[in-house]
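K.L.:
My structure is below; once you've seen it, I'll send some questions.
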């Protein structure tokens, strides 16, 4: 079966820092959380997958197609940033369908096709509202719906709940878990919290100094804890 995401000896240089070489394979429907301290290379990894940075070497594959040299718009990666980055002058509905509009698709049809997603996220009653009237958790759910409305091959979440209060964080994590159970979108989710990883994912990769320090099932962290010092510090084991 073709992997949904494959990284082959991926290297990205930023000044004196080098990410990689990294290998990674995600099957369709996998949900991987990537953790790491600040400066571990998580942002470079996300940018290389999304096409915002050209790797120094190595290759990126999405659904069996090499995309290493392709621009972001041709990769079909749904991206949700920490800040949500909604358009303040557009309604929730128009924010959600913006990607479809930019791709030349019919917005009404795109919104109708997204009805199951809107239902899981609880957004049906908010479509006419503006982002300024929403809570932080609601804004992140709109950003998530917008990313999924484009029918991406891969969903990339870059610290999607780190700026939220605890109730909103729990609400968004529950929505992510429910969405994954419903649609099985292949997901790469960057965060700093093992609690967050346990709430949403079944796979975990921990980065340190641009390399994988530990990879495995989230549940295996307790039975087979990392030996790498940076990974142990991140998890509060030392």
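The values are calculated or read from the model by the stated rules, or taken from the named source; none is laboratory data. Quantities reported herein were computed from a predicted structural model and do not represent experimental measurements. Virtual Cβ from ideal backbone geometry, glycine too; neighbours counted across all protein chains shown.
K.L.:
Of these, 155, 144, 176, which one is crowded, with 21+ Cβ neighbours inside 10 Å, at pLDDT 90 or above, in contact with a strand residue (DSSP E or B) (Cβ under 9 Å, 6 or more places away or on another chain) and within 25 Å of residue 66 (Cα to Cα)?
P.N.:
The match here is 155.
K.L.:
Another one. Can you name the number of the only condition in (1) in contact (Cβ under 8 Å) with a residue 24 or more places away in the chain; (2) within 29 Å of residue 137 (Cα to Cα) that residue 72 fails?
P.N.:
Every condition holds for residue 72 apart from (1).
K.L.:
Also, quick follow-up: Can you give me the number of residues within the stretch 114-135 that are buried (at least 16 other Cβ atoms within 10 Å of the Cβ), over 12 Å from residue 96 (Cβ atoms) and without any contact (Cβ under 8 Å) to a residue 60 or more places away in the chain?
P.N.:
2
K.L.:
Looking at the stretch 197-238, which of its residues are part of a helix (DSSP H, G or I) and free of Cβ contacts under 8 Å to residues at least 40 places away in the same chain? Please lay out each step first, then the result.
P.N.:
Going residue by residue through the stretch 197-238, those that are part of a helix (DSSP H, G or I) are 197-200, 220-223, 229-234.
Residues satisfying the conditions are 198, 199, 220, 221, 222, 223, 229, 231, 232.
K.L.:
Here are 209, 213: which of them is closer than 27 Å to residue 9 by Cβ, surrounded by fewer than 18 Cβ atoms within 10 Å (Cβ to Cβ) and touching a helix residue (DSSP H, G or I) at 6+ places or on another chain (Cβ under 8 Å)?
P.N.:
Exactly one residue qualifies, and that residue is 209.
K.L.:
In the stretch 36-53, is there at least one residue being in contact with a helix residue (DSSP H, G or I) (Cβ under 7 Å, 6 or more places away or on another chain) and buried (at least 22 other Cβ atoms within 10 Å of the Cβ)?
P.N.:
Yes.
K.L.:
Among the residues of the stretch 1-8, is there at least one that is in contact with a strand residue (DSSP E or B) (Cβ under 7 Å, 6 or more places away or on another chain), outside any loop (DSSP other than H, G, I, E, B), on the phi > 0 side of the Ramachandran plot and touching a residue at least 24 places away in the same chain (Cβ under 8 Å)? Walk me through how you get there before you give the answer.
P.N.:
Taking the stretch 1-8 as the starting set, the residues that turn out to be in contact with a strand residue (DSSP E or B) (Cβ under 7 Å, 6 or more places away or on another chain) are 3-8.
Subsequent filtering for residues that are outside any loop (DSSP other than H, G, I, E, B) retains 5-8.
Applying the additional criterion that residues be on the phi > 0 side of the Ramachandran plot yields none.
No: the stretch 1-8 contains no residue that is in contact with a strand residue (DSSP E or B) (Cβ under 7 Å, 6 or more places away or on another chain), outside any loop (DSSP other than H, G, I, E, B), on the phi > 0 side of the Ramachandran plot and touching a residue at least 24 places away in the same chain (Cβ under 8 Å).
For (1) modelled with pLDDT of 95 or more; (2) within 19 Å of the chain's Cα centre (by Cα); (3) more than 25 Å from residue 197 (Cα to Cα), each residue gets a yes or a no:
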| residue | (1), (2), (3) |
| --- | --- |
| 5 | yes, yes, no |
| 26 | yes, yes, no |
| 33 | yes, yes, no |
| 37 | no, yes, no |
| 57 | yes, no, yes |
| 61 | yes, yes, no |
| 68 | yes, yes, yes |
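K.L.:
Here's something else I'd like to know. Check residue 19 against each of (1) within 22 Å of residue 216 (Cα to Cα); (2) in contact (Cβ under 8 Å) with a residue 60 or more places away in the chain; (3) part of a loop (DSSP other than H, G, I, E, B) and name the one condition it does not meet.
P.N.:
It fails just one condition, (3).
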